[in-house]
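Report on one structure; see the data block that follows.
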């Protein structure tokens with residue numbers, strides 16, 4: 001046999017072996033994934049992304065559909081969900097800039113906040129509003145709280161409309177395109193940060209002016225805004241929820257520190273705080289991340305033309321050229337990590353967080369990156385899992401802040417009723433929440 005024929009025959013054999021391997025990998029991977037899904041569906045887990053999307057609510061009861069906010073959710077996506085743009089760019093931009101305070105003063109100018117035991121330095125804000133363009137100010141600097149309230153008065157029409165909308169539309173669901181996942185637009189999250197910041201600042205100024213009733217109204221709005229995204233099944237939504245709560249807790253703490261709150265006001269705050277369950281938010285969002293990641297990998301496998309070539313986080317276009325079985329196995333590996341580590345890391349029913357599982361997950365991720373057969377199934381897990389491993393601890397820190405605020409309100413209520421603080425927390429009328437780490 002001539003050399004060219006030998007080469008041709010060798011290439012045919014190699015191609016045949018490769019074709020057999022390719023087909024085997026696809027069959028093996030798909031079967032392993034389907035068996036895995038069946039096993040966990042029997043345990044009550046879900047895999048269809050439609051099951052994690054919040055249920056629709058009537059528009060007339062939907063806070064997200066108030067005229068000020070509705071443009072944020074009016075987004076037009078192209079057929080393959082890789083591009084999106086506002087239906088009305090002008091209204092969308094106006095909504096994005098609602099109550100926006102740009103180039104805020106530094107921490108050294110306005111204080112480190114309630115976690116550091118520092119009240120807001122309104123003099124720093126007074127200086128800011130006097131120096132920056134676009135803010136109303138008196139000719140001569142007056143009382144810092146008065147000047148801050150004057151500057152913020154330009155937000156009054158928006159704040160009043162939002163307050164009325166919160167009463168008329170007590171439910172909230174933004175029209176997020178969850179199936180777009182990494183390409184989903186969530187413009188409302190940055191706007192929510194702006195809202196709570198402005199409400200918190202105005203509440204602090206009201207307290208400085210001995211007007212706790214007005215301050216409480218602003219704090220209540222801040223809490224409403226933060227909690228209106230509690231059911232969104234994405235980690236970023238929950239992290240913004242934490243940030244909004246942390247912001248609005250500043251005037252709440254200042255009111256406690258200065259003994260501004262009456263028994264009635266403390267009771268209202270206590271009831272609001274008692275209903276904030278960030279560990280349940282972790283469950284909702286972590287399940288959402290798992291299911292939506294699976295949907296994105298399905299798109300990567302079955303509808304590769306939909307995949308964005310230049311994803312801001314990572315370019316995964318190369319994965320569309322791999323055997324489908326590779327992606328099935330990658331889905332299985334990612335879900336295994338969720339069920340073994342990320343899900344039990346937070347037990348929302350027992351109100352417990354397990355930092356030991358975060359340590360074990362870190363070790364597991366190191367193992368998965370070691371070069372050996374099967375490492376190819378760990379690549380996507382190595383991309384998507386590390387960013388999720390710290391969320392449980394952040395959830396615990398945020399929930400601890402909520403719990404401390406709740407306990408502080410109950411302590412102040414006890415003092416108002418009996419004239420002194422209890423000798424121990426067990427003497428409070430209502431049991432305090434257990435520590436999320438020690439139990």
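We did not get these values from a lab; they are worked out from the coordinates using the rules stated. This structure is a prediction, so every number in the text was calculated from the model and none was measured. Methodologically, a virtual Cβ is constructed for each residue, glycine included, from the backbone with ideal geometry; neighbour enumeration extends over all protein chains shown.
Summarise the long-distance tail of P(r) for the range 59-99 by giving the % of C-alpha pairs beyond 10 Å. Write down the numbers at each step before the final one.
Numbers: 570 of 820 pairs.
Counting pairs separated by more than 10 Å, the tail of P(r) holds 70 percent.
Taking a ≥ b ≥ c as the square roots of the Cα gyration tensor eigenvalues, with a/c under 1.5 meaning rounded and otherwise prolate when a/b beats b/c, else oblate, which class fits the range 202-275? List each step's numbers first, then the result.
On the way: a/c = 2.67, a/b = 1.93, b/c = 1.38.
Prolate is the answer for the range 202-275, as a/c is 1.5 or above and a/b outweighs b/c.
Helix 263-274 sits at what angle to the longest principal axis of the chain, using alpha carbons and giving 0 to 90 degrees rounded to 10?
Rounded to the nearest ten degrees, it is 0.
Translational diffusion coefficient, Stokes-Einstein: compute it for the range 249-302 using the Kirkwood radius over C-alpha pairs as Rh, at 20 °C and 1.002 mPa s, and state it as an integer in µm² s⁻¹. Kindly include the intermediate steps, with their values, before the conclusion.
Numbers: Rh = 14.4 Å.
Estimated diffusion coefficient is 149 µm²/s.
Give me the distance between the Cα centres of the range 29-56 and the range 376-394, rounded to whole Å.
19
Just to be sure I understand the model, the point goes 7 Å from the Cα along the line to the Cβ. What's the resulting residue 257 to residue 57 distance in nm?
So the label points at residue 257 and residue 57 sit 3.4 nm apart.
Classify the range 146-197 from the C-alpha gyration tensor, please: rounded if a/c falls under 1.5, else prolate or oblate depending on whether a/b exceeds b/c.
Note, shape of the range 146-197 comes out oblate.
How many nm separate the modelled label positions at residue 415 and residue 141, each set 7 Å beyond the Cα in the direction of the Cβ?
Taking the simple label geometry, residue 415 and residue 141 are separated by 3.2 nm.
Beta carbons within 10 angstrom, averaged per residue: use that to sort the peptides 278-287, 40-49, highest first. Walk me through the numbers before you get to the answer.
Numbers: 278-287: 21.9, 40-49: 12.9.
Order by mean packing, descending: 278-287, 40-49.
How many Å³ per residue does the convex hull of the Cα positions in the chain occupy?
Values: hull volume 82.6 nm³, N = 439.
Output value, Cα hull per residue: 188 Å³.
For a quick protection proxy, order the peptides 67-80, 386-399 by their average other-Cβ count within 10 Å, most packed first. Please list the in-between numbers first.
Details: 67-80: 16.4, 386-399: 18.8.
Put in order of decreasing packing, that is 386-399, 67-80.
Per q in 0.18 Å⁻¹, report the Debye log10 I(q)/I(0) for the range 72-119, using one uniform scatterer on each alpha carbon and no solvent.
For the range 72-119 at q = 0.18 Å⁻¹, log10 I(q)/I(0) is -0.69.
Can you list the residues of the range 268-306 with backbone N under 18 Å from a point 7 Å past the Cα of residue 182, pointing along Cα to Cβ?
288-306
If one takes the longest principal axis of the Cα atoms in the chain, at what angle in degrees, from 0 to 90 and to the nearest 10, does the Cα axis of helix 355-368 lie?
The angle comes out near 30 degrees.
In whole angstrom, note down how far apart the Cα centers of the range 72-119 and the range 157-225 are.
Cα centroid of the range 72-119 versus Cα centroid of the range 157-225: 12 Å apart.
Given bins 5 angstrom wide, list per bin the percent of all Cα-Cα distances in the range 85-160, short to long.
Calculated P(r), rounded to whole percents: 3, 14, 20, 19, 18, 12, 7, 5, 2, 0.
Mind pulling the angle between the C-alpha long axis of helix 212-227 and the longest principal axis of the chain? Nearest 10 degrees, somewhere in 0 to 90.
The helix 212-227 is inclined about 10 degrees to the chain.
Could you calculate the FRET efficiency of residue 32 with residue 363 from 1/(1 + (r/R0)^6), where r is the beta carbon distance between them and R0 is 25 Å, rounded to 0.05? Spell out each step's value before the answer.
Values: r = 24 Å, r/R0 = 0.96.
Using R0 = 25 Å, I get an efficiency of 0.55.
Placing one identical point scatterer on every Cα of the range 162-245 and ignoring solvent, what is log10 I(q)/I(0) from the Debye formula at q = 0.19, 0.20, 0.21, 0.22 Å⁻¹?
With no solvent term, the Cα-only Debye profile gives -0.84, -0.91, -0.97, -1.04.
Tell me the label-point distance for the pair residue 42, residue 348, using the 7 Å Cα-to-Cβ offset, in nm and rounded to one decimal.
2.6
Which residues among the range 55-79 fall inside the zone where the amide N is under 19 Å from a point 7 Å beyond the Cα of residue 93, along Cα→Cβ?
It comes to 68-76, nothing else.
Return the ratio Rg/(2.2 N^0.38 Å) for the range 59-260, where Rg is computed over Cα atoms only. Intermediate results must be reported in sequence, preceding the final value.
On the way: Rg = 17.8 Å, N = 202, 2.2 N^0.38 = 16.5 Å.
In units of the globular-protein estimate, the range 59-260 measures up at 1.07.
For the range 359-439, what percent of Cα pairs sit more than 22 Å apart? Walk me through the intermediate numbers first.
Numbers: 1674 of 3240 pairs.
So the portion of pairs separated by more than 22 Å is 52 percent.
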